[in-house]
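Since the structure comes first, as structure tokens, the remarks are kept for the end.
The values are calculated or read from the model by the stated rules, or taken from the named source; none is laboratory data. Keep in mind it's a predicted model, so treat the numbers as computed, not measured. Glycine gets a Cβ as well: all are built from the backbone with ideal geometry, and neighbour counts include every protein chain shown. These accessible areas exclude ligands, DNA and RNA; they are computed on the full protein's heavy atoms, side chains included. Shrake-Rupley method; radii C 1.70, N 1.55, O 1.52, S 1.80 Å.
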Amino acid sequence: RKEVEQDPGPFNVPEGATVAFNCTYSNSASQSFFWYRQDCRKEPKLLMSVYSSGNEDGRFTAQLNRASQYISLLIRDSKLSDSATYLCVVNAGAGGTSYGKLTFGQGTILTVHP
Amino acid sequence: DVKVTQSSRYLVKRTGEKVFLECVQDMDHENMFWYRQDPGLGLRLIYFSYDVKMKEKGDIPEGYSVSREKKERFSLILESASTNQTSMYLCASLQGGGSKVAKNIQYFGAGTRLSVL
């Protein structure tokens with residue numbers, strides 16, 4: 001079983017749609033959780049961190065369910081510019097040199113069309 | 001803004017060649033990372049370094065080595081390139097900071113697409 005698993009998609013949605021991505025992780029000791037975004041032929045960039053209480057940043061909402069070991073990302077009112085690959089990222093490090101050692105899911109491809 | 005610079009965007013090398021991929025960051029970060037990214041496999045960690053001259057193996061270190069002689073520079077070395085090392089290579093640098101979350105925000109270079117023929 002992969003440490004971090006995502007549905008690779010692709011998800012094809014019209015502008016204005018709401019789309020949700022899920023991600024599961026296998027290590028129950030995982031400490032920190034993130035969503036990164038990667039545009040075609042570009043490097044990954046942090047989209048948002050994911051907190052236990054859930055957090056929102058504009059049209060984006062991230063949720064963490066520690067009991068079920070999954071993370072979600074909800075995008076409301078999709079824009080053409082949201083088209084990208086969304087990477088679920090987990091850090092299982094408990095300290096020392098493990099800080100910053102991240103495990104990436106394979107990514108979910110989103111295409112928003114007019 | 002944090003800047004992570006990889007020396008080449010595209011490289012074409014021949015099987016058996018020794019290949020150096022260079023990465024430089026300008027924010028005095030202690031931790032640096034090398035990943036490769038392949039379709040269907042996502043990003044996989046090759047090596048990382050948490051200080052000058054310190055290195056640790058990641059998940060797929062075979063066929064690679066690294067060098068961290070200066071804090072700002074982290075080099076990935078393919079001792080004898082093989083066709084299965086054709087991939088996108090990404091270098092990352094870690095923000096650090098006081099919070100647990102801040103310690104895990106990585107900034108990536110633009111990537112080097114390596115083809116080994």
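What to note about this one:
- Number of partner chain Cβ atoms within 10 Å, mean per residue of B:11-18: 0
- Accessible surface for the protein assembly as shown, divided over its residues, is 47 Å² per residue with a 1.4 Å probe.
- Per residue of A:51-61, other chain Cβ atoms within 10 Å of the residue Cβ number 0 on average.
- Relative contact order, whole percent, for chain A stands at 37, derived from Cα pairs under 8 Å and 6 or more residues apart.
- Of the chymotrypsin sites (Phe, Trp or Tyr not before Pro) in segment A:34-78, those whose Cβ has at most 12 other Cβ within 10 Å and which sit in DSSP loop: none
- In this simple spin-label model, placing a label point 7 Å from the Cα along the Cα-to-Cβ direction at both A:Gln69 and B:Ser7 gives a separation of 4.1 nm.
- Sites matching GluC sites (Glu not before Pro) across segment A:1-99 that sit in DSSP coil, with at most 14 neighbouring C-beta atoms within 10 Å: A:Glu15
- Computed E for B:Met27/A:Asn12 - FRET, C-beta separation, R0 45 angstrom, nearest 0.05: 0.75
- Looking at segment B:1-92, the trypsin sites (Lys or Arg not before Pro) that sit in a DSSP loop and have at most 16 other Cβ atoms within 10 Å of their own Cβ are B:Lys3, B:Arg9, B:Arg14, B:Lys18, B:Lys53, B:Lys71.
- R0 of 30 Å, Cβ-Cβ distance A:Ser53-A:Ser26: FRET efficiency to nearest 0.05: 0.85
- Taking the convex hull of Cα positions in the protein assembly as shown, its mean projected area over all directions (nm²): 12.7
- Solvent-accessible area, 1.4 Å probe, carbon plus sulfur percent, for chain B: 50
- Equivalent ellipsoid, chain B (semi-axes from 5 times Cα gyration tensor eigenvalues, Å): 24, 14, 13
- Average beta carbon contacts from partner chains per residue of B:35-45, 10 Å cutoff: 5
- Largest first, the residues B:Ile77, B:Ile46 sort by 1.4 Å accessible area into B:Ile77, B:Ile46.
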